Amino acid sequence: MTNPSIYICTVHYRTERWIRPQLFFLKKNIDADYKVFACVPPSRKRKDFHLESSYAPQSSSGQNHADKLNYLAQLVCNEADDNDILVFLDGDAFPIAPVAQFLTEALRMHPFVAVQRLENGGDDHPHPSFAATTVGFWKKISGDWSVASYTNSHGAEVADTGGALFNNLTTRQIPWRAMLRSNKRNPHPLWYGIYADLVYHHGAGYRAPVSRIDSITSGKREDAFLASRAYKKNKSMHKRMLFSIRYNPWFYRKLI
């Protein structure tokens, strides 16, 4: 029996700024046969991924990301074997350490593994910044990243990408492995996360750097936070960190 291949689904929205660093860290840290299926901006002129699509679903902005992930997953399922590994990866996320052995061992114990961002006000749903399963399991549960509501670990009603998947796994009573934040240093409580010492997720790589946890800690609604000094600090940190990622392959060491 041959070793399973790894299929990665990732979405790059509007800009190509994250493609180069993601490609670099994937090549460096996936020590197995892998293919990347990507949604990319329609303006893109070159091809670096195994499959590139400018698929643009006519859904709301909140659901758009989930629809693209579901689309890519279906393309993978049409090509891959059931025992192959299916990975979901945000465009502003990538492995910072070898992950193939981790995936093999984790999926031997649990059918699904994903980042869990408890630091975001108690969110305990699987987050698509990094998640993995087998192609067969994804098909078996009719996997779906759609936005849906659930009550998180702090008792708050949350609607987010991965909510439908969380409800699906909960209803089926399927345990899954959570990859938790492992930063030793946190310039921001949510952004610049290292998970299980394996994966970096920048956060808000394609939008204004404001999060629900910013609103919670500042006591300001999002529109008010956007006019605050804290928001300007977020923007400045985002720019500095992206510069570091582009020019320093060991940038993450200051976080661990």
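Readers should treat all values here as calculations from the given coordinates under stated rules, not as data from a laboratory. Being a predicted model, the structure only gives us computed values, none of them experimental. In this analysis, Cβ positions are derived from the backbone assuming ideal geometry, glycine residues included, and neighbour counts consider all displayed protein chains.
Side notes on the structure shown:
- Packing order of peptides 123-129, 107-113, highest average first: 123-129, 107-113 (average count of other Cβ atoms within 10 Å over each peptide's residues).
- Theoretical gain in end-to-end length, Leu23 to Arg44 [0.36 nm per residue, Cα-Cα removed]: 6.0 nm
- Binning all Cα-Cα separations of the stretch 1-133 at 5 Å, short to long from zero, yields these whole-percent fractions: 2, 10, 20, 24, 21, 14, 7, 2, 0.
- Interchain or long-range residues, amide H under 5 Å from Asp90's placed H: Ser129, Phe130
- A simple count of charges around His202, restricted to other residues whose Cβ falls under 11 Å of its Cβ and scoring Lys, Arg +1 and Asp, Glu -1, yields -1.
- Relative contact order (percent, whole number), the chain, Cα cutoff 8 Å, 6+ residue spacing: 17 percent
- Among the listed pairs Lys27/Lys233; Lys68/Lys233; Lys68/Lys140; Lys233/Lys254, those whose Cα-Cα separation exceeds 25 Å are Lys27/Lys233; Lys68/Lys233.
- The peptide list 77-87, 238-248, put in order of mean Cβ contacts within 10 Å with the highest first, becomes 77-87, 238-248.
- Here the sum of -39500 (n - 2.57) over DSSP H runs of 4 or more residues, divided by the residues of the chain, equals -10000 deg cm²/dmol at 222 nm, to the nearest 500.
- Bridge type composition, the stretch 6-183 - antiparallel percent by DSSP, nearest 5: 45 percent
- Set of lysines with alpha-carbon distance to Lys235 below 18 Å, sequence-local pairs under 8 removed: Lys220
- Among beta bridges that DSSP assigns inside the stretch 1-62, antiparallel share in %, nearest 5: 0 percent
- Approximating the spin labels as points 7 Å out from Cα along Cα→Cβ, the Tyr247-to-Asp81 distance works out to 4.6 nm.
- Between amide H atoms placed 1.01 Å from N, distances below 5 Å from Asp160 occur with Ala148, all of them 5 or more places distant or on a separate chain.
- Packing rank of 178-187, 138-147, 223-232, where each peptide gets the mean count of other beta carbons within 10 Å, highest leading: 138-147, 178-187, 223-232
- Note on the stretch 123-256: Rg/Rh from Cα positions, Kirkwood definition for Rh, rounded to two decimals, is 1.00.
- Size of the chain from its Cα atoms: along the principal axes, largest to smallest, the extents are 57, 42, 39 Å.
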